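Data block below; observations after.
The values are calculated or read from the model by the stated rules, or taken from the named source; none is laboratory data. All figures in this text were calculated on a predicted structure; none of them were measured in a lab. Quick reminder, even Gly has a Cβ in these numbers, built from the backbone with ideal geometry, and neighbours come from all protein chains shown.
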Amino acid sequence: MEKYDVIIIGAGPAGYPCGIRCAQKGLKVLIIEKGEVGGICLNKGCIPTKTLFHISEEIENRFGIIEKKVSFSWEDILSYVKKNVISRLKAGVDFLLKKNGIDIIKGEAELIGERTVKVNNNLFEGENIVIATGSLPSVPSIFKDDERVITSDEIWETDRLPKSLAIIGGGAIGCEFASIFKKFGVEISIYEMMENLLPGIDKEISSTLKREFEKRGIRVITGKKIENPGKMEEEKILLCIGRKPYMEKISDIGIETDENGVKVSPQMETNIKNIYAVGDITGKHMFAYVATREGEIAAENIAGENKRMDYSTIPVAIFSDPEVGICGMSEEDARKNGLKVKVGKFPYLALGKSHASGKKEGFVKIIAEEETERIIGIHIIGKGATELVSFSTLAIKNNLKVKDLQEILYCHPTFSEAIMEASFDVEKKSIHLPPERI
């Protein structure tokens, strides 16, 4: 039986970074992957959907007096995404794993002991084991017999675009696909059982997104739970109601789980001392960048360090149109928690870059503690929000105050100037907003 310092089950955005970090620490690593390296993120999720988002923008892109005619082939677009983007990035990951001296086996792993993994009828022993098996789309029973139903994992196998599409779920994934397919000419209806799109985020952001969707001809139905899909008239139904951890063949040896997934400590360790779990399998925050950090934390602890995963300032980037970027507490949550806050807001409509680019929808909102003016939340909707949100995370993570943002020089004209102006508006001193009394 071949022995390794670390055996990692899964080569997605949690597994392969964990493997590389372990190799950098001088550990002998084996990664087992039943599908493709890069996991859902690279092959069916983050990367291909953002490629589609970019392509859809190119198709729809228009500027005032300029008109253009665009033709496209859906088959050619899917081929481009798979061959020119996914394949090249997978080759890059394969190259990195090989150069770091990591062994890779294709097959489905079965955890049969605290240090033993079975794959392709072969046994391997690992001093440490990392479970990074990812997640699957949730499919409620009422949808399982409807031939029109597809998931976000299956959209890449469609041979043509439907004329109409019902999107079940108005969260991040649903709003992203709504934005994309509307630009491809598909008639879109979003069904969200909660009262707002993007449940749980700043309500002003949510209502703005709904308004912009409806202006673009996207039908938005909120506060309604689908009881009978058979009554829906759309040609296809896309399920975007979340994902569930893939936990097959891992729990028979006594690993503790709950309704969310595998239970882990801040060090990413399960109840079994040498077994770690990272990424979607934990059911905590199903973002690729969180999974990567969890994988790195696990690797560093395996190597003898004492690192803890910090979930306090997780940014969210939503590639809808307009884009959304959020980090920290919303205004509603802050007040519900009894915090006294000051709020600054700056609309894209008053921003030079917005007019120059023709993207005038949106705003930046900053939430700060009233007494200290420490920034506890930055919420953005509008062009560039998915890039600016990392700036927001830096500010909140480092306990910056409003004056810290005010003292930075911002290039002009840029969308980032909206953050500067919103920081001044916390004190009602924004140069490009009229005084409140007007």
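Details
- Residues that are acidic (Asp, Glu), over 28 Å from the mean Cα position of the chain (by Cα) and assigned to a loop (DSSP other than H, G, I, E, B) within the range 73-123 comprise just one, Glu114.
- The listed residues are Leu433, Leu400, and the only one of them that is in the same structural domain as Gly344 (by TED's automatic domain parsing), buried (at least 16 other Cβ atoms within 10 Å of the Cβ) and of a type outside the set (D, E, K, R) turns out to be Leu400.
- Residue count for the range 9-44, restricted to those that are closer than 18 Å to Arg293 by Cα and either part of a loop (DSSP other than H, G, I, E, B) or under 23 Å from the mean Cα position of the chain (by Cα) (or both): 20.
- The C-beta contact set for the range 303-324 (first residue farther than 25 Å from Ile173 by Cβ, second residue among the charged types (D, E, K, R) and surrounded by 12 or more Cβ atoms within 10 Å (Cβ to Cβ), distance under 7 angstrom, 6+ apart or interchain) comprises Ala303/Lys25; Lys307/Glu300.
- Flag if Ser135 is under 28 Å from Val262 (Cα atoms) and of a type in the set (Ser, Thr, Tyr): yes
- The number of residues in the range 125-160 being surrounded by fewer than 16 Cβ atoms within 10 Å (Cβ to Cβ), more than 20 Å from the chain's Cα centre (by Cα) and either part of a loop (DSSP other than H, G, I, E, B) or touching a residue at least 24 places away in the same chain (Cβ under 8 Å) (or both) comes to 11.
For every residue, the table says whether it meets (1) modelled with pLDDT of 95 or more; (2) within 30 Å of Lys284 (Cβ to Cβ); (3) part of a loop (DSSP other than H, G, I, E, B); (4) not acidic (Asp, Glu).
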position	(1), (2), (3), (4)
Glu176	yes, yes, no, no
Ile188	yes, no, no, yes
Ser207	yes, yes, no, yes
Glu214	yes, no, no, no
Glu227	no, no, yes, no
Glu234	yes, no, yes, no
Ser251	no, yes, yes, yes
Ile255	no, yes, yes, yes
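- Between Lys284, Lys231, Lys236, the distinction of being outside the structural domain of Lys44 (by TED's automatic domain parsing), more than 24 Å from Gly113 (Cβ to Cβ) and crowded, with 16+ Cβ neighbours inside 10 Å belongs to Lys236 only.
- Residue match in the range 136-146 (condition: acidic (Asp, Glu) and in the same structural domain as Gly230 (by TED's automatic domain parsing)): yes
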